[in-house]
1. Name the residues whose placed amide hydrogens come within less than 5 Å of the amide hydrogen of residue 77, ignoring near sequence neighbours (fewer than 5 apart) on the same chain.
2. Where Rh denotes the Kirkwood radius from the mean inverse Cα pair distance, what is Rg over Rh for the range 42-117?
3. What do you get for Rg/Rh of the chain when both radii come from the Cα atoms and Rh is the Kirkwood radius?
4. Simple spin-label model, 7 Å along Cα-to-Cβ: residue 145 to residue 119 in nm?
5. Can you list the lysines whose alpha carbon sits under 17 Å from that of residue 84, skipping same-chain ones fewer than 8 residues off?
6. Of the options 132, 90, 106, report the single residue whose Cα projects farthest towards the positive end of the charge dipole of the range 63-148 (beta-carbon charges: Lys, Arg +1; Asp, Glu -1).
7. Want the number for residue 107 to residue 76: 0.36 nm per residue separation, take away the alpha-carbon distance, what's left?
8. Given H placed 1.01 Å from N in the peptide plane, which residues other than close sequence neighbours of residue 145 have an amide H under 5 Å from its amide H?
Amino acid sequence: MQVEKTQVLLSVTGWSHTQGDEDADSVRLLTTGILSGSDDAWRIDYTETQPDSSTAHDVVLKMQKGVVTMERLGDYATSMVFEKGRRFEGSYHTPYGALDMGIFSTTVKYAVDEQKTGEVSLKYQLDLQGQFAASHELHIRFCPSGKA
């Protein structure tokens, strides 16, 4: 079975709340990517450019059976697993060394319709080196921009 690939336009919005912080830091990104998959398993490949530099990272987002995985490649590489009510432990790699990372997901939702329009919504708590770092929200919306 050949998997159809669709070029999509992505709007990525993220918020970060630190403990005792009233205001959230937010980041917005518009980019293009490739959506592939079928009814119960989807994948989006896109490139993310950091707003404070021109550093680009390739990102692979997979959605299947209520679980979302995100893999970021490059100098700041990581692999994260989001499953509601479950904790994931992994590493956040930097040019200066690796940090232990923990993620506890409180919201994990995604949907893709027949027109290949969809969204991903994640809320999670992040700790680094065993210490609470921040609560995060990530919303990704996408729609077709042409065939890949």
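1. For residue 77, whose amide H was placed from the backbone, the distant partners under 5 Å are 93.
2. 1.01
3. Answer for the chain: 0.96.
4. According to this spin-label approximation, the distance is 1.9 nm.
5. Within the straight-line cut-off, residue 84 pairs with 62, 65, 109, 123.
6. Looking along the dipole axis, the top candidate is 106.
7. Between residue 107 and residue 76, full extension yields 8.7 nm more.
8. Those lying under 5 Å, H to H, from residue 145 are 7, 8, 9.
FYI, it's all coordinate maths here, none of it is from the lab. Since the structure is predicted, the reported quantities are computational estimates derived from the model, not experimental observations. So basically every Cβ, Gly included, is an ideal-geometry build from the backbone, and we count neighbours across all protein chains shown.
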